[in-house]
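Inspection log for the structure reproduced underneath, given as structure tokens.
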Amino acid sequence: MTSDPDVFSAEFREDPYPFYEALRRENPVYREPRYGGYVLTRFDDVLAALIDPETFSSAQGPGPAPSANLNPPAALPATDPPHHDQLRALVNRAFTPRRVAASEPRIEAIARELLAEMPTGELDLVPSLSIPLPVVVIAEMLGVEPERLSDFRRWSDAFVGLLESEPTPELTACAMELVGYFKELAEKRRRDPKDDLVSALLQAEIDGRRLTPAELDGFFIVLLVAGNETTTNLISNQLHILSQRPDLWKRLRDDRSLVPLAIEETVRFDTPVQNLGRQTTRDVVVRGTRIPKDSRVIVSYGAANRDPEAFAAAGEYRPERAEKKHLGFGQGVHFCLGVGLARLEGRIALNALLDRYATLEPGETAPTRLQSTVIRGFGSLPLRMD
Ligand code: HEM
């Protein structure tokens, strides 16, 4: 396997793991000749970069590509401390573990409603469950009107597109529509607050400081992008793995205490967020390689999570493994804000499927992969469930 891969190629996106393995072994601080960035693949190096935002800055946006465009005004993933910490503290006032826990019965009901529409036999899991569950959940938490749900999906897709490519007129139009809609919703809640996340964000205050309108817009966008695409593919990747492990499907049906462990192992073994980016603020030496100031650095969570130095039998899916400290939810100041919600949605979705279906197998039609360097998951995932 080549150790100088094009990390933006279709081949890499299809199955990055053999490339990661070669890079970790032979070229752990990989100077990408085509785009000029550096790729970190070892667990310790990725972790060290994530916990050093002074050197590895997020201020140029979190995308891996040199043309990272997901840079909404003052959004959490695109800021460094101390500004980041102020923003995050404010957002934490509204997006609380209590609010997430309180949404559990509603998430269960949404999952049940979606499953009630699903037939037995072969079906594509992506449009039936993986996509709608997180979209409906986050929309309801925010306080979005049900009739705007399909727009939500479109807007969120457009923003993930912007993360990886130059803006097209269509993507930009989507972004404008989304921002317009959120402004409208925020205005409604400013006049007439309700018990939803938008109202809580508007009211959040620390030492007399509140989120500015631009910060609020930025956060809405981030919630859509960071919360939907990710959880969608957590559900898909989880089911894809289990469709090849009938033994594990049966064990999970019999012993539901394994469900949270399986979710966590999926975020280690085949994480939906494979690669993001940082920008160096000074010259820095990693494993003897000098990375100059102002370089783009790709931090590969997907590669770090399979590092044999950090995980025994790293290439095997083992829910009961002893090492729990994977990097699938990031680490340091940008550690995933939605981790509690992601775990809850993953657990509810998997339990609902285990309740309903005795067996799970790959479908006759082959699944299709997403064409993304950031997000790993499926465009379609036909499965046979009986
Ligand atoms: C399996 C599902 C998920 C995965 C794998 C995931 C992964 C990640 C990762 C790797 C980061 C760190 C980004 C960085 O280092 O720059 C992150 C940050 C973030 N995530 Fe998640 N995420 C998931 C679900 C969610 C959900 C459901 C939400 C919210 C509804 C969410 C909201 C966020 C936000 C707001 C940040 C930025 C935090 C900050 O910059 O301070 N995520 N996530």
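Brief remarks follow.
- Condition met for Val46 (in contact with a strand residue (DSSP E or B) (Cβ under 6 Å, 6 or more places away or on another chain), in contact (Cβ under 8 Å) with a residue 40 or more places away in the chain and part of a helix (DSSP H, G or I)): yes
- Tally, over the range 81-112, of residues that are more than 13 Å from Met141 (Cα to Cα) and hydrophobic (A, V, I, L, M, F, W, C): 6
- Within the range 236-243, not a single residue is over 23 Å from Glu122 (Cα atoms) and buried (at least 22 other Cβ atoms within 10 Å of the Cβ).
- Selection status of Asp355, in a helix (DSSP H, G or I), more than 16 Å from the ligand (Cβ to nearest atom) and surrounded by fewer than 19 Cβ atoms within 10 Å (Cβ to Cβ): yes
- Scanning the range 262-277 turns up one or more residues that are at pLDDT 95 or above, more than 11 Å from the ligand (Cβ to nearest atom), assigned to a helix (DSSP H, G or I) and over 21 Å from Val100 (Cβ atoms).
- Of note, Leu114 does not satisfy the criterion of being within 15 Å of the ligand (Cβ to nearest atom) and touching a helix residue (DSSP H, G or I) at 6+ places or on another chain (Cβ under 6 Å).
- Complete set of residues in the range 290-341 that are hydrophobic (A, V, I, L, M, F, W, C), within 12 Å of the ligand (Cβ to nearest atom) and in contact (Cβ under 8 Å) with a residue 24 or more places away in the chain: Val297, Ile298, Val299, Ala304, Leu327, Phe329, Val333, Cys336, Leu337, Leu341
- Taking the listed residues Asp307, Asp294, the one that is more than 14 Å from Arg42 (Cα to Cα), among the acidic types (Asp, Glu) and either in contact with a helix residue (DSSP H, G or I) (Cβ under 6 Å, 6 or more places away or on another chain) or in a loop (DSSP other than H, G, I, E, B) (or both) is Asp294, with no other qualifying.
- Output for the range 36-83, where each listed residue is modelled with pLDDT under 90, closer than 14 Å to Asn275 by Cβ and of a type in the set (A, V, I, L, M, F, W, C): Ala65, Ala68, Leu70
- Extreme residue, farthest from Phe152 (Cα to Cα), among residues of the range 182-216 that are acidic (Asp, Glu) and surrounded by fewer than 21 Cβ atoms within 10 Å (Cβ to Cβ): Asp207
- The residues of the range 123-153 that are closer than 21 Å to Glu108 by Cβ, among the polar types (S, T, N, Q) and surrounded by fewer than 20 Cβ atoms within 10 Å (Cβ to Cβ) amount to a single one, Ser128.
The values are calculated or read from the model by the stated rules, or taken from the named source; none is laboratory data. These numbers come from a predicted model, not from an experiment. Reconstructed Cβ throughout: ideal geometry from the backbone, glycine too, with neighbour counts over all protein chains shown.
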